[in-house]
Each structure stands twice: as C-alpha cells, then as structure tokens.
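Below is one structure, written out as structure tokens; comments come after it.
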Amino acid sequence: MGVPDVGGTWSSQDSRAIAGMYTEDGVRHVIAGDVVCRGRDEIIANVQGLIDVLDGEKVEVRKVSEGNNGTVTVEWVLLGTHVKDAPGWPANNEALNLLGVSVCDMEGDLIKEERVYWDAATLLVGAGVLG
C-alpha cells in the first residue's frame, strides 16, 4: 500500500490529477457538507468547484499514518484566498487556513474511499458568516 502525494497533487490545482488518486469507482465523502462523490467524474466536478473559488490553493500535509488494515489517515491544512462565492460560503477575500483530516481506505496505491473531516464553523467564521 502506497500513499498518494496528497499535498503535491492537490496543490497542482489539477482536478483530473486529484481524481487520479482514486480508484475509478472511488468515493469521496466530505462529512461537514454531507457531500458524496462517486467515481472520478463526480470527484473532478467537486474538486474543481473548490479550486475555482480559491486563489493560490495549496494543501500542506502535516502527518500521514498508515494502518495495517489498508487505512491511511492524512492530517492536512488547506491554504488559499477565498475569492469567489460558493454555495453557503460567500467570498470576502479572506485568507483560508483550514485544518482537516482524511481517512482513506486504500486499494493498492489508490484511494477507494475517503472520508474528509473539517470544522464548518471555522470556515464560516473566517468568511464572516458566523461571528
């Protein structure tokens, strides 16, 4: 089991390359927004939506832990400047510094299923929606 270059691939801002980290039928579940993407095409569309609203989007990986059961946990921080509105997330040109964790069930070197956890309140406070 290998671990994809999550930080470098996300920081490339190439939604197809990001989707290429997943199996063809891979699943990406963003828990905070209850968004479930099934298959690479849905993952591409979801990821592109995030890339489109952030300027200078970059992911820094803080820690990777590999379990002996085929699960990889990645602690990361998403950085960038929020420059375009997204549903429920109005742009204020605020700097984004969002900490999160991804729990990935692997199939070989590819992600079969990813569960993404981050704090929605932190995101909305930064956008000025919650205060």
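A short reminder: the numbers here are calculations on the coordinates, not readings from a lab. Keep in mind that this is a model prediction, so the values were computed, not measured. Ideal geometry is used to build each Cβ from the backbone, glycine not excepted, and the neighbour counts take in all protein chains shown.
Can you give the Kirkwood hydrodynamic radius for the chain, in Å, rounded to one decimal and based on Cα pairs?
Values: mean 1/r = 0.0670 Å⁻¹.
Hydrodynamic radius (Kirkwood, Cα pairs) of the chain is 14.9 Å.
To the nearest 20 debye, what is the magnitude of the charge dipole of the stretch 6-126 about its Cα centre, counting +1 on the Cβ of each Lys and Arg and -1 on the Cβ of each Asp and Glu?
Values: 10 positive and 20 negative charges, 31 e Å.
Its charge dipole is roughly 140 debye.
Can you show me the helix-derived [θ] at 222 nm for the chain, built from DSSP H runs with n ≥ 4 at -39,500 (n - 2.57) apiece and divided by the number of residues, rounded to the nearest 500. Don't jump to the answer; show the numbers that get you there.
On the way: 4 runs with 32 residues, N = 131.
When only DSSP H runs of four or more count, the value is -6500 deg cm²/dmol.
Among HIS82, HIS29, what is the fewest-to-most ranking by other Cβ atoms within 10 Å? Don't jump to the answer; show the numbers that get you there.
Details: HIS82 22, HIS29 17.
With the sparsest Cβ surroundings first, the list reads HIS29, HIS82.
If you plug each phi of the stretch 12-29 into the Karplus form 6.51 cos²θ - 1.76 cosθ + 1.60 with θ = phi - 60°, what whole-Hz ³J(HN,Hα) values come out, in order, with x for Gly and Pro?
5, 6, 10, 4, 5, 5, 4, 5, x, 6, 9, 5, 3, 9, x, 10, 10, 10
Along the Cα-to-C-beta direction of ALA121, a point sits 7 Å from the Cα; which residues of the stretch 66-99 have their amide N less than 20 Å from that point?
78, 88-90, 96-99
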